[in-house]
Structures are given as C-alpha cells and as structure tokens.
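First up is the structure itself, then whatever we jot down about it.
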Amino acid sequence: MRKYLVLILLLIFTFNSNSIAQELKNCVFGKNTLDFVIDKTKNTVSQLNKEKGTEQIYNIKEIKNNMIISEVSLFDGKDNEGIELNLDFNLFKAQPIHVKKNGSEWEVFKTYEAQCEKQNNSQQNSKSSVSSSSSNELSLFGLNASMDMTSAESALNNKGYECLPLSHFDKLCVTQEGKQIKISDGLFVIMCSAYGGCAYKADEVKSFFEKELNIKISSREVSQGLIPTNAICGEGPAGDKLCIVNESISSDVGPSVHLMKHKLGSSGMSLN
C-alpha cells in the first residue's frame, strides 16, 4: 500500500511539472498514426489509433527521467505474448516492444519506434487545435526527414521492407517485389522501383510529386553524390527538402527521389 501511494505522489509531481508533456501526438508507425495520452488519475497510458479509431490501455509500471515504461499488455487469447510501451518525453519518441515470455522472464521479440510530433511547453499544456510545424513535414512511405535511421527502418519494416547495412552510415531497404529505399541520417533516397517511376522522365516525376505533396519543385541543382548529376528540388512548408535526382549523367529516365532535413527544425537566420 505504501509503495502504491509513493507511485501516485510521484505521478502527480512529475506531471504537474512543465518539463514533461502529458501526451505524445502523431507518432507514425507505417500506415498508422498513434497518439499516447497519460491519465494521471488512473496511472494509465491510452494508445489511440487515428486510422482505425481504436484505443488500447496500458498500465504504467515506471517513470524515470521523463520516460514512461508500461506493464506488458497481453495479446488477445495469449498469456505469454504482448506489448510493452517505452515513451520518451525528452526526445518525443514512442517505442512499442513486442515481448514473449520465456519461463518467468519477458524477452524482446521485436522493437518498433516512431518519432512523434515535437511540442513546446505551451503546446503541451494547451488544448488548441493548432499543430506544430512538424505536422507539415513531407512524408513518403511513412518516412519524414526528422526521423533517425532506427525510426526509418521501423517504419519501412511495417511496410514490408527488410533493411541491410551498406556501410556504417546507411542501409538499403528492399521488398520481395524489388522496391528499394536507401536510408541514412538526414537523407532518404527513394529509388524509382519504390514509387513505380522507372519508365518516367524527371519532369514527369516532378509533376507527379508536386501534385501529390502540394509543393513547388523548380530549383535546378546538382546532386552531391560521388558522380554529380542534375537534380530539381523543392522545399516543404516545414523546411524539409525533396529533390528529383537523375541516376545517370546521360539520362533523366527513372530518377530517384531524395528526402532530406535541410532547414527542418532551424530557428532561422538572426543577427543577435
């Protein structure tokens, strides 16, 4: 009983502080976008699936350094398999962990991770419907430029991609059908096989993505690859950047699409 009262007091203290949000919003896992909402009175986390309109409740097990770990929520009809939530309010990341029981111990079977919408303190404590600029990030195949490699790989895994290291700094993710996407920190390269554009010229691909993403792609540039090739780029409303990049110096058919961080998250120029 004493341990329970201490936990309740800790929850009240932690969530009355302005240093931690009471929810993580717009966490993208493949085709699903999840919100995680803390209920201080019930010591629970509600997982809300926006696409499916469903809710899953997790009991809170531990709070430490602005991170929450839940009890294992069992799958329906199973007593040896379920999901444990790790929610990081410092980095605004959600990490559901698929666990299986081995004897009396839970063992990690698979880990998923998503970058959630970043909010400042006033946004965290407000019920305003105005979203932060991160909600305007460009998104392709569940990827956005603010993701690190771990989050990107998890998002692609959910879409049937398997990722293998090309070097210490990047990975190639492929499907059984041969679709390919390269991921690295700050840059995602979507090959023409992924978006079905291997028979189309760069201007046709540009027009397609302008329409789909509602952005202007018109800046003529040169790619920074090992062999520089022509590219045409556009900037998203959040400051991220998308480029249609020729894969060959002699042809503009079947270009790749580069999604990069660019000015995303920047506070802008200043003389102060």
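The values are calculated or read from the model by the stated rules, or taken from the named source; none is laboratory data. Keep in mind it's a predicted model, so treat the numbers as computed, not measured. Cβ atoms come from the backbone with ideal geometry, glycine included; neighbour counts cover every protein chain shown.
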Meets criteria (farther than 30 Å from GLY160 by Cα and modelled with pLDDT under 85) for ILE12: yes
Residue that is farthest from PHE29 (Cα to Cα), among those in the range 88-127 that are of a type in the set (Lys, Arg) and at pLDDT below 85: LYS127
Residue match in the range 165-178 (condition: within 20 Å of ALA152 (Cβ to Cβ) and in contact (Cβ under 8 Å) with a residue 24 or more places away in the chain): no
Meets criteria (at pLDDT below 95, of a type outside the set (A, V, I, L, M, F, W, C) and in a loop (DSSP other than H, G, I, E, B)) for GLN224: yes
Test: SER146 is among the small types (Gly, Ala, Ser), modelled with pLDDT of 85 or more and part of a loop (DSSP other than H, G, I, E, B): yes
Candidate set: the range 23-32, residues that are crowded, with 16+ Cβ neighbours inside 10 Å and out of contact with any Cys (no Cβ under 7 Å at 6 or more places or on another chain); chosen: the one nearest to ASN86 (Cα to Cα): GLU23
Selection within the range 217-270 - of a type in the set (Lys, Arg) and surrounded by fewer than 17 Cβ atoms within 10 Å (Cβ to Cβ): ARG220, LYS263
Residue match in the range 219-233 (condition: under 23 Å from SER151 (Cβ atoms) and assigned by TED's automatic domain parsing to the domain that holds GLY160): no
